[in-house]
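Data block below; observations after.
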Amino acid sequence: MTEQERLKEQRIKRRDALRELGVDPYGGRFADITATETLRERATSLDIEPGGRSEVKARVAGRIMLQRVMGKLAFLTVHDSLGKLQLGLSKADLGDDQWKILKQLELGDTIGVEGVLGRTKTAELTLWCNKLTVLSKAVIAPPEKWHGLTDVDLRYRRRYVDLFTNPDVRSVFRMRSAIIHAVRDYLVNESYYEVETPVLQPIYGGAAARPFTTHHNTLDMDLFLRISPELYLKRLLVGGMERVFEISRNFRNEGISTKHNPEFTMVELYEAYADYNVMMERVEGMVSAGFGAATKDFIPARAAAIEKECARLTEEDRPDDAKTFAEENHLDAYQEAAKGVTAGRLTTVYHGAVIDFTPPWTRSKYADLLREHAGVEMNDIDAVRKKADQLGIDHKGKDDAVVVNAVFEESVEHHLVQPTFVYDYPAPICPLTRRHPEDDAIALRFEAFISGMELGNAYTELNDPAIQKENFECKLQGEGDETMAVMDEDFITALEYGMPPAGGLGVGIDRLVMLLTDSPSIRDVILFPLQRPAKKDNPHNPDHQELSDVKLGKDA
RNA sequence: GGGGGUGUAGCUCAGUGGUAGAGCAACGGCCUUUUAAGCCGUGGGUCCUGGGUUCGAGCCCCAGCACCCUCACCA
């Protein structure tokens with residue numbers, strides 16, 4: 001028996017011991033509970049003396065995360081959704097029967113208690129309990145109490161453990177929820193309808209990416225998981241739904257990185273009678289809403305938390321550690337951002353840099369940025385190709401516009417740290433975008449960049465069916481085998497019925513959450529990022545097969 | 001796919017070619033005001049996997065697997 005199995009055995013014995021005491025180790029409804037955060041607020045007005053108890057009764061439920069037992073008195077620290085609270089349990093208060101139950105409890109168990117609020121000698125807020133209910137017995141021990149779960153692989157594979165041991169992780173996902181709600185509220189307030197369009201699509205389009213393929217058995221039909229909802233949402237514009245948005249899970253069969261997950265969330269919206277300038281305001285509006293819902297409070301709290309830890313280290317006579325901690329956690333940046341927030345600005349920290357989201361964001365022409373950072377004129381293709389050579393970009397046999405954009409990505413994007421709208425892209429790489437009225441080589445498209453990362457992409461939408469058809473038929477060299485230019489006859493038919501002029505926009509929700517929560521990787525803001533299954537859990541893994549065969553052989 | 005890194009007890013991590021280590025958790029004991037509780041004692045290992053070098057490998061070499069970082073594709 002391994003150590004792991006032995007530890008589990010011990011816990012199972014305690015679970016069974018609870019049953020022998022007539023206690024259901026998996027509990028049931030536990031009503032009328034108060035959140036520990038609420039109790040903490042209430043206690044501030046109670047003015048309880050150290051060592052004293054109030055008359056205030058409360059019921060609390062949570063997971064035991066710390067435990068200090070001294071003979072006939074125990075202190076347990078339980079965590080609930082937002083906070084934590086110390087519970088005081090004595091044999092005298094509980095009585096012999098309940099004390100026996102307490103003796104079977106350990107770290108990781110979830111309990112409900114009833115008691116009165118008080119403070120210990122050291123003034124720690126404590127719920128002195130007279131009743132104890134077991135709500136869920138943990139038969140696997142939680143991770144080490146000080147460091148929590150830090151193994152990145154395990155954190156993603158067992159996100160549930162990550163969540164209950166690391167409050168900061170819970171906080172990021174609460175912020176994610178708040179940001180999505182704020183984005184939705186903003187759009188609904190602007191008279192947008194929220195819609196849902198197909199995830200399973202017979203023709204994929206709306207972006208340049210390789211799709212996942214699947215099959216419907218009854219119709220005997222191959223289908224693609226959507227890479228974008230764009231072409232369906234535009235059909236709704238034809239249908240007279242003038243302002244629509246979808247919070248869309250998209251699937252792209254591409255590489256995985258700190259900025260890419262094969263399934264990701266995008267908010268995509270279309271507004272009739274608008275153009276890409278209106279879409280810039282929509283980006284500012286959505287980001288401002290998300291900032292207000294999450295980051296506004298996060299920044300000063302984080303600054304204060306870093307300061308507190310530095311003060312603690314300094315007090316422990318470890319000034320060097322305090323200095324290192326401050327640097328690693330970008331204390332200066334957080335303090336500056338917190339000042340900005342106090343002054344009413346939308347300032348945050350990302351990768352150690354202070355980012356200011358306060359609208360209006362900088363608006364820069366694609367061609368101007370190319371001139372500034374690459375030193376070439378966009379329409380001087382010889383100069384652009386020469387620059388590509390300098391940058392080590394392989395551009396042989398590739399279309400001019402593709403090379404221009406490769407040079408742009410290589411030489412410009414990483415300079416765009418503060419929120420910037422880059423507008424007026426080379427037309428050939430924008431098949432779904434309306435052309436500039438005065439220059440056919442330019443498309444009315446912008447991308448929003450922050451911290452060198454593309455956050456969103458928007459167009460004044462192309463609504464001329466003839467040009468759209470041409471664009472579908474024209475294939476650029478150098479864009480890879482799969483491009484967004486996959487012919488969709490029905491979409492052309494829709495445009496032929498007449499689509500109003502419109503602005504359209506997609507904003508990457510995961511990346512927005514990364515920026516608003518200072519998360520370095522997209523996996524930090526996706527609850528269950530895609531991972532290869534652990535070997536022992538994966539029935540398709542050849543090694544697993546071998547193991548099974550060996551086992552069968554033994555048994556036979 | 002290329003390059004770099006990591007993989008040792010349930011968790012967090014040390015480990016110098018020669019008997020496998022610490023802290024936390026667990027188990028036994030003491031303990032009614034603890035704050036990562038403390039004190040005394042005990043148990044716990046496929047050192048990622050498979051080869052190789054060596055008298056001897058956690059450590060050196062080769063191959064593989066998983067994860068992280070990075071580059072490429074992509075948003």
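The values are calculated or read from the model by the stated rules, or taken from the named source; none is laboratory data. Worth saying up front: this structure is predicted, and the values here are computed from it rather than measured. Cβ: placed from backbone, ideal geometry, glycine included. Neighbour counts: every protein chain shown.
Return the pairs, sorted by first residue and then second, in which the second residue is near RNA strand B (Cβ under 6 Å from one of its atoms), the first residue lies in segment A:147-164 and is touching a residue at least 60 places away in the same chain (Cβ under 8 Å), the beta carbons are less than 6 Å apart, and the residues are 6+ apart or on different chains.
Final answer for the pair search is A:Tyr156/A:Gln531.
Out of all the residues in segment A:271-284, is one or more closer than 28 Å to A:Ala494 by Cα, in contact (Cβ under 8 Å) with a residue 40 or more places away in the chain, within 15 Å of RNA strand B (Cβ to nearest atom) and acidic (Asp, Glu)?
No, the conditions are met nowhere in segment A:271-284.
Between a residue in segment A:467-480 that is of a type outside the set (A, V, I, L, M, F, W, C) and any residue that is in a loop (DSSP other than H, G, I, E, B) and at pLDDT below 70, which pairs come within a Cβ distance under 9 Å, given they are 6 or more apart or on different chains?
Close Cβ pairs (under 9 Å, with a partner that is in a loop (DSSP other than H, G, I, E, B) and at pLDDT below 70) amount to A:Asn471/A:Ala485; A:Glu473/A:Ala485; A:Lys475/A:Thr483; A:Lys475/A:Ala485; A:Glu479/A:Ala485.
Select from segment A:245-286 the residues that are more than 23 Å from the chain's Cα centre (by Cα) and assigned to a strand (DSSP E or B) and write down the one among them that is surrounded by the most Cβ atoms within 10 Å (Cβ to Cβ).
Among them, the one singled out is A:Tyr270.
For residues in segment A:198-225 being part of a strand (DSSP E or B) and more than 29 Å from the chain's Cα centre (by Cα), which is nearest to A:Asn471 (Cα to Cα)?
Residues of segment A:198-225 part of a strand (DSSP E or B): A:200-201, A:213-216, A:221-225.
From the residues that got through so far, the ones that are more than 29 Å from the chain's Cα centre (by Cα) too are A:215-216, A:221-222.
Values: A:His215: 29, A:His216: 30, A:Met221: 27, A:Asp222: 25 Å.
Of everything passing the filter in segment A:198-225, A:Asp222 is nearest to A:Asn471 (Cα to Cα).
Look at A:Ile48 and say whether it is touching a Ser or Thr at 6+ places or on another chain (Cβ under 9 Å) and outside any loop (DSSP other than H, G, I, E, B). Working first, answer last.
Values: touching a Ser or Thr at 6+ places or on another chain (Cβ under 9 Å): yes; outside any loop (DSSP other than H, G, I, E, B): no.
No; evaluated as a whole, the condition is false for this residue.
Residues are listed down the side, and each one gets a yes or a no for (1) touching a strand residue (DSSP E or B) at 6+ places or on another chain (Cβ under 6 Å); (2) within 10 Å of RNA strand B (Cβ to nearest atom); (3) free of Cβ contacts under 8 Å to residues at least 60 places away in the same chain:
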{"residue": "A:Arg63", "(1), (2), (3)": "yes, no, no"}
{"residue": "A:Arg68", "(1), (2), (3)": "yes, yes, yes"}
{"residue": "A:Phe75", "(1), (2), (3)": "yes, yes, yes"}
{"residue": "A:Asp80", "(1), (2), (3)": "yes, no, yes"}
{"residue": "A:Gln86", "(1), (2), (3)": "yes, yes, yes"}
{"residue": "A:Ala92", "(1), (2), (3)": "no, yes, yes"}
{"residue": "A:Asp96", "(1), (2), (3)": "no, no, yes"}
{"residue": "A:Gln104", "(1), (2), (3)": "no, yes, no"}
{"residue": "A:Gly108", "(1), (2), (3)": "no, yes, yes"}
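Anything in segment A:148-183 that is among the aliphatic types (A, V, I, L, M) and either more than 10 Å from RNA strand B (Cβ to nearest atom) or at positive phi (or both)? List them, or say none. I'd like the intermediate steps shown before the answer.
First, the residues of segment A:148-183 that are among the aliphatic types (A, V, I, L, M): A:149, A:152, A:154, A:161, A:163, A:169, A:172, A:175, A:178-180, A:182-183.
Within segment A:148-183, A:Leu163, A:Val169, A:Val172, A:Met175, A:Ala178, A:Ile179, A:Ile180, A:Ala182, A:Val183 meet the criteria.
Could you please find all residues in segment A:365-402 being at pLDDT below 90 and on the phi > 0 side of the Ramachandran plot?
Matches in segment A:365-402: A:Gly392, A:Gly397.
Which condition breaks for A:Ser228 when tested against (1) touching a residue at least 60 places away in the same chain (Cβ under 8 Å); (2) within 16 Å of RNA strand B (Cβ to nearest atom); (3) outside any loop (DSSP other than H, G, I, E, B); (4) out of contact with any Pro (no Cβ under 8 Å at 6 or more places or on another chain)?
The one condition A:Ser228 does not meet is (3).
Could you list, in sequence order, all residues of segment A:32-61 that are farther than 15 Å from A:Val113 by Cβ, of a type in the set (Lys, Arg) and away from RNA strand B (no atom under 14 Å from the Cβ)?
A:Arg42
Do you know which residues across segment A:231-244 are more than 18 Å from A:Met487 (Cβ to Cβ) and without any contact (Cβ under 8 Å) to a residue 60 or more places away in the chain?
Once the filter is applied, which keeps residues that are more than 18 Å from A:Met487 (Cβ to Cβ) and without any contact (Cβ under 8 Å) to a residue 60 or more places away in the chain, segment A:231-244 yields A:Leu236, A:Gly239, A:Gly240, A:Met241, A:Arg243, A:Val244.
Test A:Glu489 against the criterion of being at pLDDT below 95 and under 22 Å from A:Pro520 (Cα atoms), and give yes or no.
Values: at pLDDT below 95: yes; under 22 Å from A:Pro520 (Cα atoms): no.
In short, no.
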